[in-house]
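The values are calculated or read from the model by the stated rules, or taken from the named source; none is laboratory data. What you see is a predicted model; the values in this text were computed from it and never measured. Cβ atoms come from the backbone with ideal geometry, glycine included; neighbour counts cover every protein chain shown. The accessibility values were calculated without ligands, DNA or RNA, using every heavy atom of the protein model including side chains. Shrake-Rupley method; radii C 1.70, N 1.55, O 1.52, S 1.80 Å.
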Amino acid sequence: MTAVRWRNTVSKPLQAVTLGTRASALARWQTDYVAKLLQAAWPELDIRIQVITTRGDQMLDTPLPLLGGKGVFTAELEHALYSGQIDLAVHSLKDLPTENPPGLCVGAVPPRASAGDILISRKNYTLATLPEGAQVGTSSRRRAAQLLYHRPDFRMLDIRGNVDTRIRKALEPDSPYDAIVLAQAGIERLGQASLISELLPLDVMLPAPGQGALAVQCRDEAASRQLLMTLNHMPTQIAVMAERTCLAGLGGGCSLPIAAYAEVQDGKLRLHGRVSTRAGRPQLDVMVSGKAELSAAEHTGMEAARVLLEQGAAQLLEVVE
């Protein structure tokens with residue numbers, strides 16, 4: 001993710017904006033949340049919301065890796081930005097490709113929610129208590145690979161649909177899934193935390209780069225950047241920039257088993273990167289520290305990618321592809 005750099009251009013504040021969102025309940029929650037932040041910062045702003053359907057929402061019977069990772073949930077929103085149909089697009093940051101399209105930028109990254117993953121099971125199983133050969137649902141190669149590292153006996157089943165659809169599939173009495181894996185942030189944002197069977201520790205399940213964070217994308221114009229700068233949370237932006245730079249340095253996208261999580265603590269940026277094979281093993285890990293500064297975040301992410309590549313990450317990822 002390219003750093004947000006504010007120009008000195010003085011522009012007339014926007015009087016009205018249209019926010020673009022996907023149709024799912026989670027996407028609507030995220031967009032409503034951003035709208036509230038904007039309204040609090042700019043009380044006189046007229047805010048409208050436009051629902052846009054993406055390719056990822058239309059092709060629910062196709063496993064995500066087969067759709068091709070880049071832009072599956074974002075391309076239509078970006079097209080609406082280009083055309084002027086919307087002024088801002090609200091994304092789950094982990095869905096956003098690491099390179100900004102020409103003329104667009106990430107104007108704000110609000111404070112991050114929980115970054116981890118969770119299990120949901122109709123019988124309240126945990127990773128340790130799931131029976132031998134349990135069938136676990138996920139559409140993510142990253143999640144599947146890390147689960148198989150700890151439980152190679154699992155049988156991984158693909159599962160698609162919005163968060164509420166996947167929860168329903170998991171809890172049906174005749175469900176084929178003994179458990180499913182979802183992002184903690186999405187479950188909590190939808191008020192479904194009571195359904196969580198287990199919070200998966202970060203050492204077991206490292207999240208996707210940017211997971212739990214939102215990105216507000218806009219046209220690369222001074223008025224839009226000025227509007228969004230009050231929403232930006234610098235510690236979150238520093239952390240996710242390091243994670244996404246690591247992902248970019250490995251040449252990967254959301255369809256590959258690449259995980260990264262960074263935190264800003266005590267003036268330091270600490271990044272944990274991980275690459276797995278589809279079968280779970282071998283698994284490569286790296287820990288890198290750097291300055292908790294935006295200018296240093298990209299270097300930290302590239303250093304993590306460099307070390308992983310030295311350990312053989314490229315060969316592991318070739319096996320997955």
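For the reader, a short list of remarks on this structure follows.
- Enumeration of residues in the stretch 94-140 that are among the β-branched types (V, I, T) and touching a Phe, Trp or Tyr at 6+ places or on another chain (Cβ under 8 Å): V136
- Within the stretch 25-44, the set of residues being touching a residue at least 40 places away in the same chain (Cβ under 8 Å), assigned to a helix (DSSP H, G or I) and farther than 30 Å from G161 by Cβ comprises A41 only.
- Restricting the stretch 149-208 to residues that are β-branched (V, I, T) and not in a strand (DSSP E or B), the residue that is farthest from R281 (Cα to Cα) is T165.
- Each residue in the stretch 3-30 was checked for being under 27 Å from A297 (Cα atoms) and either at pLDDT 95 or above or loosely packed, with under 15 Cβ neighbours inside 10 Å (or both), and 7 pass.
- Of all residues assigned to the stretch 189-199, none qualifies as being open to solvent by less than 10 Å² (accessible area, probe 1.4 Å), in contact with a Gly (Cβ under 9 Å, 6 or more places away or on another chain) and touching a residue at least 12 places away in the same chain (Cβ under 8 Å).
- Residue check for L182: at pLDDT 95 or above, within 24 Å of the chain's Cα centre (by Cα) and open to solvent by 40 Å² or more (accessible area, probe 1.4 Å): no
- Selected residue (criterion: nearest to L206 (Cα to Cα)) from residues of the stretch 97-133 that are crowded, with 16+ Cβ neighbours inside 10 Å and of a type in the set (S, T, N, Q): S114
- Among the residues of the stretch 225-261, the one identified as of a type in the set (S, T, Y), out of contact with any His (no Cβ under 9 Å at 6 or more places or on another chain) and modelled with pLDDT of 95 or more is T236.
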